């Protein structure tokens with residue numbers, strides 16, 4: 001159980017100005033500007049939940065994660081994770097959490113992955129039987145097998161990311177923070193990583209907090225999303241709810257043979273080409289089945305698809321709406 | 001402690017992956033400090049004694065400094081390279097481990113190529129100990145032991161200060177090298193040769209003289225007050241402000257994240 005209440009955090013950032021003269025002046029007196037990184041952030045995440053934490057760069061995502069990991073002390077507000085305040089009881093708190101920083105490795109570069117795992121086991125004082133059991137389960141789930149005997153430097157990015165995740169789970173944490181876990185991965189690795197996170201959440205009931213810019217991650221993994229912008233939580237809700245809000249409009253794409261069909265009054269044309277037409281319509285005025293029937297009565301349909309707004313478009317629309 | 005051994009082993013295996021680089025760096029380390037010794041050697045070709053110290057006695061002094069500095073640098077490398085650790089976010093990574101911050105930084109880096117200097121220091125000891133004209137009774141052996149062990153700790157404290165300062169600023173931190181690298185270079189001679197003022201600073205502010213100059217006086221028999229045997233232990237008090245500054249810096253880091 002994670003609760004954040006009115007967490008605020010501001011940083012003092014030195015103003016930098018261009019030009020040699022200003023740089024010289026900056027040596028002696030500096031102007032500072034206050035940046036509100038987090039502004040009354042509150043939310044609750046229950047055990048076993050999987051939450052997508054999204055927002056543009058610089059919105060305060062990593063500051064929040066740092067606060068929740070006990071690395072950073074906020075200016076004000078309260079945060080309880082499994083009954084502990086992270087920055088006050090750092091050592092006992094971090095034993096319960098696992099953290100994967102997508103762009104920062106925790107594996108020793110020049111030795112076989114398994115050596116890193118064993119060192120991590122000793123850092124967390126995991127007993128050998130338990131460690132072996134966890135390792136066996138995880139290597140099987142992530143299909144690592146021989147890979148863990150290879151030095152980290154000779155792994156592909158996808159293999160390395162899977163090993164990173166295993167490394168963060170060796171001590172059986174109750175909460176897993178994933179900071180951009182699929183960044184830079186190829187399609188196959190992305191799917192493997194997502195599938196694994198999904199299984200982990202389902203089987204071990206691990207709470208997962210995921211920050212990402214890849215909306216497919218969000219679509220595939222999380223029911224709930226938290227949107228942060230300019231240090232404030234702008235939205236906390238389920239993905240389907242959001243989709244409903246934005247999907248008052250659906251897109252119909254039809255590949256057809258023959259003459260261009262006439263459109264119903266409730267359809268807005270997006271692209272009309274010989275053999276393919278794309279229209280949007282409002283399903284409250286024209287039901288999906290009626291729309292399809294309307295077209296297929298006129299022409300021979302080769303292929304047809306109805307698309308709701310994608311998570312990507314939705315988030316772009318959200319960013320726009322909140323002007324962040 | 002056992003965990004530190006594990007870290008030691010993994011660092012050793014990592015560095016042994018690049019054997020050629022390891023040997024070249026070690027050789028480089030050896031040559032750098034060797035030039036210093038040549039300086040001492042040529043100086044003594046012209047003068048028989050420096051401030052009353054003979055060639056062998058100065059060598060003994062150099063050996064102590066070289067040895068302690070090499071050990072401190074080999075194992076305290078994590079603190080020495082701490083600005084980098086903050087810069088690339090490795091320190092944040094370390095903070096999510098359930099161990100003390102000092103331990104995590106200490107274990108994060110080890111630099112085995114310092115063995116180049118260490119071997120030289122041992123060679124110097126081998127030459128200077130029998131030829132320095134010191135009668136190696138039990139109290140003198142104890143003195144030398146305290147000089148070395150406390151010396152390592154005091155140099156180590158300097159690295160901790162260096163790391164603590166980098167919590168506040170990374171710019172201009174090279175100033176600290178005057179006392180760390182400088183301490184090593186100038187410490188090749190007994191500190192009294194630099195004059196009274198410098199000696200005072202190195203006694204009361206940065207207590208390098210407490211494990212180098214004063215016990216050396218006892219070793220070579222200039223002083224026979226047994227208090228001089230234990231001056232290195234007094235130097236250990238230096239660790240208190242070092243640790244205090246570290247805690248202070250760490251608190252500030254946790255509240256600003258940079």
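Tabulated values for the structure
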{"read-out": "Residue within the stretch B:41-52 that is within 14 Å of chain A (Cβ to nearest Cβ), crowded, with 16+ Cβ neighbours inside 10 Å and farther than 25 Å from residue B:249 by Cα present", "value": "no"}
{"read-out": "Filter result (surrounded by fewer than 21 Cβ atoms within 10 Å (Cβ to Cβ), within 14 Å of chain A (Cβ to nearest Cβ) and in a helix (DSSP H, G or I)) within the stretch B:107-124", "value": "B:108, B:112"}
{"read-out": "Residue identified as modelled with pLDDT of 90 or more and either touching a helix residue (DSSP H, G or I) at 6+ places or on another chain (Cβ under 6 Å) or over 20 Å from residue B:256 (Cβ atoms) (or both) among A:111, A:67", "value": "A:111"}
{"read-out": "So residue B:251, is it in contact with a helix residue (DSSP H, G or I) (Cβ under 9 Å, 6 or more places away or on another chain), within 14 Å of another protein chain (Cβ to nearest Cβ), assigned to a helix (DSSP H, G or I) and free of Cβ contacts under 8 Å to residues at least 40 places away in the same chain", "value": "no"}
{"read-out": "Number of the condition not met by residue B:239 [criteria: (1) away from chain A (no Cβ under 14 Å); (2) surrounded by fewer than 19 Cβ atoms within 10 Å (Cβ to Cβ); (3) touching a residue at least 12 places away in the same chain (Cβ under 8 Å); (4) over 21 Å from the mean Cα position of the chain (by Cα)]", "value": "(4)"}
{"read-out": "All positions within the stretch A:94-130 that are in contact with a strand residue (DSSP E or B) (Cβ under 9 Å, 6 or more places away or on another chain), more than 11 Å from chain B (Cβ to nearest Cβ) and in a loop (DSSP other than H, G, I, E, B)", "value": "A:102"}
{"read-out": "Filter pass, residue A:268 being free of Cβ contacts under 8 Å to residues at least 24 places away in the same chain and either within 30 Å of the chain's Cα centre (by Cα) or assigned to a loop (DSSP other than H, G, I, E, B) (or both)", "value": "no"}
{"read-out": "Residue in the stretch A:24-37 that is touching a helix residue (DSSP H, G or I) at 6+ places or on another chain (Cβ under 6 Å) and either more than 9 Å from chain B (Cβ to nearest Cβ) or closer than 22 Å to residue A:222 by Cα (or both) present", "value": "no"}
{"read-out": "Residues that are at pLDDT below 85, in contact with a helix residue (DSSP H, G or I) (Cβ under 9 Å, 6 or more places away or on another chain) and assigned to a loop (DSSP other than H, G, I, E, B), drawn from the stretch A:224-254", "value": "A:247"}
{"read-out": "Count of the stretch A:57-93 residues which are touching a residue at least 60 places away in the same chain (Cβ under 8 Å), within 10 Å of chain B (Cβ to nearest Cβ) and in a loop (DSSP other than H, G, I, E, B)", "value": "3"}
{"read-out": "Selection within the stretch A:160-189 - within 20 Å of residue B:96 (Cβ to Cβ) and assigned to a loop (DSSP other than H, G, I, E, B)", "value": "A:170, A:171, A:172, A:173, A:174, A:180, A:181, A:183"}
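The values are calculated or read from the model by the stated rules, or taken from the named source; none is laboratory data. The model shown is predicted, which means the values in this text are computed figures rather than measured ones. Every residue, glycine among them, receives a Cβ derived from its backbone with ideal geometry; neighbour counts consider all protein chains shown.
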